[in-house]
Amino acid sequence: MLSILRRQVHRRAPALPRLGRLLLEPALLMLLLTLIAGATLLYSLRFELPLLIGHEEGFYNDAPFVHGFHRPEQAEGHARPFRWSQPQAALRFENLPNGMYQLTLLQLRGNQALLLIGHTPIRLDAVDTPRRLSLLLPSRQQAVELGIDAQPLEAPGDQRSLGLALSAGQLSRLTRAGVAAPWRPVAAGATLLALLWLALRGLGACRREALLIVVPVLVALLAAIRADPLRVGLAPRPLLLACLLGAGATAALLLLLPLSARHLGVALEDPWRRWLVLSTAGVFVLALAGRFYPASMIGDINFHLNRFHETLAGNPLLISRHRGIHFPYPPALYLLLLPLVPLAEPALLLQISAAALTALALPAIYLVVRRMTGSDRAALAAALLYGIFPATYMPVWWSFDTHIFAQLAALIASVYTAWNWGKLQRWRIWLGLLALLLLVFLGHFGFFLNMSLLLGLLVVVCWLRLPSWRSQAIALALALIAAGTAAWLLFYSAYLDLFLQHGQSFAAGGMNAVNDRQPTPPSAVLRSILSDGFWRHYAVLPLLLAPAGLALLARTPGHSKILALVAGATFCVSLIFGSLPLLTSSTISTRWLMFSAWALAACGGVAVDYLWRHGRLSRLVALGSVLFVGWWGLRLWLLAMVYYVRPPEPF
């Protein structure tokens with residue numbers, strides 16, 4: 001393996017000088033000049049942007065710009081929320097062109113204060129009634145800042161240190177043309193364009209293909225500058241970090257993917273290799289840039305940090321509370337990350353691992369679909385669909401890190417089963433399945449239940465309906481029993497009292513007695529499944545393509561039938577667990593809809609490939625479906641990561 005890896009490195013070494021020539025290609029230089037000229041023009045225009053002080057979520061929220069402020073609150077007699085500042089606080093806007101800006105704010109209360117504008121203080125008198133403040137602020141070193149130095153205000157029953165109570169405002173740029181664009185956003189955008197161009201051209205894309213990808217990215221950068229320059233000013237650092245790590249991921253994929261494919265007996269040739277590498281690296285960069293962006297959703301990162309530190313301190317027996325119910329919280333991800341603690345902070349480790357685990361699902365889906373169907377187009381379409389599903393990014397937005405780990409482990413265990421069908425009784429292959437199941441069972445309790453039901457269904461179907469595959473049913477049953485027993489002895493047996501308590505509560509009053517909540521009407525559960533689930537998780541269209549793809553797999557002889565069996569059983573697991581909330585009037589979820597994401601992508605890719613091969617109209621339907629799902633996923637990504645508009649929790 002090391003000799004093969006060494007040959008791969010030497011084979012790519014002569015290509016390094018070529019990268020310098022690619023950077024000097026006229027097309028790339030024109031793109032960079034267009035970015036600089038367009039940014040200079042757009043930054044010179046006036047703008048008026050709302051600044052919703054008191055809104056830490058949603059469009060034009062204040063979260064990334066307030067420093068030294070308390071949490072938003074609502075007061076009687078005021079329709080809008082507001083924030084109390086601490087006695088020393090600031091409003092800061094970074095990476096804006098130099099010039100004059102007007103900041104308007106609504107002040108509700110406050111003692112005497114000094115507003116610090118550069119080196120010029122402005123004295124404010126105490127006020128008990130709302131008043132409008134209108135301030136002229138200069139941009140210094142491409143930053144606009146308003147400092148607050150207020151006399152502490154004492155409110156009855158409030159122990160906090162209070163300064164000024166401020167509400168909704170607006171920031172306006174007054175200076176006209178003739179001002180240079182801030183260099184950091186332009187440099188970050190130029191780096192993104194250059195790296196994307198190098199990746200495309202370096203992997204063999206022609207200029208036309210590269211332009212088809214890079215030009216829309218350039219247009220998106222310029223549109224972002226015009227639409228919301230305040231939030232563009234926050235993007236340089238996270239974008240550069242994500243691009244740097246993405247470049248490293250691309251290099252690693254170029255080395256490791258061909259080796260893995262060759263080891264597995266799958267031909268991975270251009271242009272399929274190129275688009276698989278780029279789409280995998282793109283998912284990694286999108287996930288990372290979103291997590292690094294300072295105004296993005298916080299999610300459960302602090303929750304996982306606390307549990308990571310508990311595991312690090314020698315307490316892996318964790319308990320979590322989800323929608324009113326306590327349950328075991330398996331620590332497999334934390335234990336696997338422990339050796340990497342000397343390399344990076346735990347928060348960074350969790351974020352990078354979440355992005356990497358999300359992206360690695362694409363090669364896994366590509367390889368299994370390519371092996372089972374023999375179609376490169378179907379395999380790439382399946383991987384791309386998974387990469388653009390909004391559901392793919394929802395666990396990243398919410399920072400459900402153990403969910404991400406267990407979902408990938410369950411995906412690999414599922415495709416491993418399909419890949420090795422007919423050989424599961426072999427000792428080494430059976431041990432590999434056992435190890436994967438242990439990762440799932442010790443990674444996430446919900447996926448433990450999902451995966452157990454999946455294998456149970458496969459055992460029953462093979463034993464009762466497919467006698468020729470009874471040896472596979474026996475191997476699956478033994479793997480399930482062995483993995484479940486090991487997981488119980490290693491971890492879950494410590495929670496026997498908790499399980500008994502939940503069992504008694506369930507026997508006494510059903511699932512809602514377990515989590516001590518009022519029943520949810522079935523109509524509300526159904527609306528949530530249709531709206532938050534089918535629509536916002538998958539944009540519906542993949543749910544329409546998947547049954548057709550499953551039927552195509554089932555009627556195709558050979559390995560395709562095995563993939564159809566495993567994917568169909570996966571859909572049955574989702575249907576069974578998805579129907580439970582309707583029957584129990586409880587919102588407790590095993591993440592059943594996310595469990596089927598890989599199967600939806602695989603079957604959807606087969607359907608897209610079928611449409612692509614059957615006429616121009618069918619091609620338009622296939623292309624339109626993929627583009628619509630991609631637009632929907634990118635839209636929800638922007639809302640969650642840039643404006644902190646919460647998507648539904650994945651279920």
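The values are calculated or read from the model by the stated rules, or taken from the named source; none is laboratory data. Only a predicted model underlies this, so the values are computations on that prediction, with no experimental measurement involved. With ideal geometry, Cβ positions are generated from the backbone for all residues, glycine too; neighbour counts draw on all protein chains shown. The area values use the complete protein model at the heavy-atom level, side chains included, leaving out ligands, DNA and RNA. Shrake-Rupley method; radii C 1.70, N 1.55, O 1.52, S 1.80 Å.
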Exercise. Answer yes or no as to whether residue 96 is under 20 Å from residue 64 (Cα atoms), modelled with pLDDT of 90 or more, under 35 Å from the mean Cα position of the chain (by Cα) and assigned to a loop (DSSP other than H, G, I, E, B).
Key: yes
Quiz item: Could you say whether any residue in the stretch 183-191 is out of contact with any strand residue (DSSP E or B) (no Cβ under 6 Å at 6 or more places or on another chain), buried (at least 16 other Cβ atoms within 10 Å of the Cβ) and closer than 30 Å to residue 268 by Cβ?
Solution: yes
Quiz item: If you check 292, 284, which single one turns out to be touching a residue at least 60 places away in the same chain (Cβ under 8 Å) and buried (at least 19 other Cβ atoms within 10 Å of the Cβ)?
Solution: 284
Quiz item: Among the listed residues 40, 34, which satisfies the condition of being in contact (Cβ under 8 Å) with a residue 40 or more places away in the chain, within 19 Å of residue 174 (Cβ to Cβ), among the β-branched types (Val, Ile, Thr) and surrounded by 15 or more Cβ atoms within 10 Å (Cβ to Cβ)?
Solution: 40
Self-check item: Close pairs (6 angstrom Cβ cut-off, 6 or more residues apart or separate chains): under 18 Å from residue 373 (Cβ atoms) and among the aromatic types (Phe, Trp, Tyr) in the stretch 254-272, part of a helix (DSSP H, G or I) and open to solvent by 30 Å² or more (accessible area, probe 1.4 Å) anywhere
Solution: 272/376
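Results for (1) part of a loop (DSSP other than H, G, I, E, B); (2) surrounded by 24 or more Cβ atoms within 10 Å (Cβ to Cβ), shown as yes or no for each residue.
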residue	(1), (2)
367	no, no
382	no, yes
391	no, yes
409	no, yes
417	no, yes
421	yes, no
433	no, no
438	no, no
459	no, no
Quiz item: Considering 102, 88, which residue is within 26 Å of residue 48 (Cβ to Cβ) and either open to solvent by 20 Å² or more (accessible area, probe 1.4 Å) or part of a strand (DSSP E or B) (or both)?
Solution: 102
Quiz prompt | Of the criteria (1) part of a helix (DSSP H, G or I); (2) in contact (Cβ under 8 Å) with a residue 40 or more places away in the chain, which one residue 327 fails | solution = (1)
Quiz item: If you go through the stretch 310-318 one residue at a time, do you hit one that is open to solvent by 10 Å² or more (accessible area, probe 1.4 Å), of a type outside the set (Ser, Thr, Tyr) and in a helix (DSSP H, G or I)?
Solution: yes
Practice problem: Take the stretch 475-495 and flag every residue that is hydrophobic (A, V, I, L, M, F, W, C), under 18 Å from residue 327 (Cβ atoms) and in a helix (DSSP H, G or I). | Solution: 487, 488, 490, 494
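Residues checked against (1) within 22 Å of residue 37 (Cβ to Cβ); (2) open to solvent by less than 40 Å² (accessible area, probe 1.4 Å); (3) over 23 Å from the mean Cα position of the chain (by Cα):
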| position | (1), (2), (3) |
| --- | --- |
| 220 | yes, no, no |
| 228 | yes, yes, no |
| 232 | yes, yes, no |
| 238 | no, yes, no |
| 241 | no, no, no |
| 247 | no, no, no |
| 253 | no, yes, no |
| 257 | no, yes, no |
Quiz item: Do we find that residue 631 is open to solvent by 20 Å² or more (accessible area, probe 1.4 Å), outside any loop (DSSP other than H, G, I, E, B), closer than 30 Å to residue 298 by Cβ and touching a residue at least 24 places away in the same chain (Cβ under 8 Å) in this structure?
Solution: no
Practice problem: Looking only at the stretch 336-355, decide whether some residue is closer than 27 Å to residue 611 by Cα, in a helix (DSSP H, G or I) and open to solvent by less than 10 Å² (accessible area, probe 1.4 Å). | Solution: no
Practice problem: Please name all residue pairs, on different chains or six or more residues apart, with Cβ atoms under 8 Å, provided the first residue is in the stretch 113-126 and is in a strand (DSSP E or B) and the second residue is among the polar types (S, T, N, Q) and open to solvent by 40 Å² or more (accessible area, probe 1.4 Å). | Solution: 113/151; 123/112; 124/112
Quiz item: Being open to solvent by less than 40 Å² (accessible area, probe 1.4 Å), under 30 Å from residue 24 (Cβ atoms) and out of contact with any Lys or Arg (no Cβ under 8 Å at 6 or more places or on another chain), is that true of even one residue in the stretch 201-216?
Solution: yes
Quiz item: Out of (1) under 19 Å from residue 368 (Cβ atoms); (2) assigned to a helix (DSSP H, G or I); (3) open to solvent by 30 Å² or more (accessible area, probe 1.4 Å), what's the single condition that is false for residue 557?
Solution: (2)
Self-check item: Residue in the stretch 478-499 that is of a type in the set (Val, Ile, Thr) and touching a residue at least 24 places away in the same chain (Cβ under 8 Å) present
Solution: no
Quiz item: Considering 281, 287, 295, 247, which residue is over 18 Å from residue 354 (Cβ atoms), of a type in the set (A, V, I, L, M) and out of contact with any Pro (no Cβ under 9 Å at 6 or more places or on another chain)?
Solution: 247
Practice problem: Would you be able to tell me the number of residues in the stretch 280-333 that are among the polar types (S, T, N, Q) and under 16 Å from residue 395 (Cα atoms)? | Solution: 2
Practice problem: Scan the stretch 161-182 for residues that are closer than 28 Å to residue 71 by Cα and either open to solvent by less than 30 Å² (accessible area, probe 1.4 Å) or modelled with pLDDT under 85 (or both) and jot them down. | Solution: 162, 163, 164, 165, 166, 167, 168, 169, 171, 172, 173
Exercise. From the list 146, 153, pick out the single residue that is within 14 Å of residue 104 (Cα to Cα) and either in contact with a strand residue (DSSP E or B) (Cβ under 8 Å, 6 or more places away or on another chain) or charged (D, E, K, R) (or both).
Key: 146
Quiz item: What is the residue count in the stretch 163-184 for residues that are closer than 26 Å to residue 215 by Cα and in contact with a Phe, Trp or Tyr (Cβ under 9 Å, 6 or more places away or on another chain)?
Solution: 4
Exercise. For the stretch 568-614, enumerate the residues that are of a type in the set (Ser, Thr, Tyr) and either open to solvent by less than 20 Å² (accessible area, probe 1.4 Å) or not in a helix (DSSP H, G or I) (or both).
Key: 570, 574, 585, 586, 587, 589, 590, 596
Practice problem: Only residues that are modelled with pLDDT of 90 or more, over 14 Å from residue 98 (Cβ atoms) and part of a strand (DSSP E or B): list them for the stretch 137-160, please. | Solution: 146, 147, 148, 149, 150
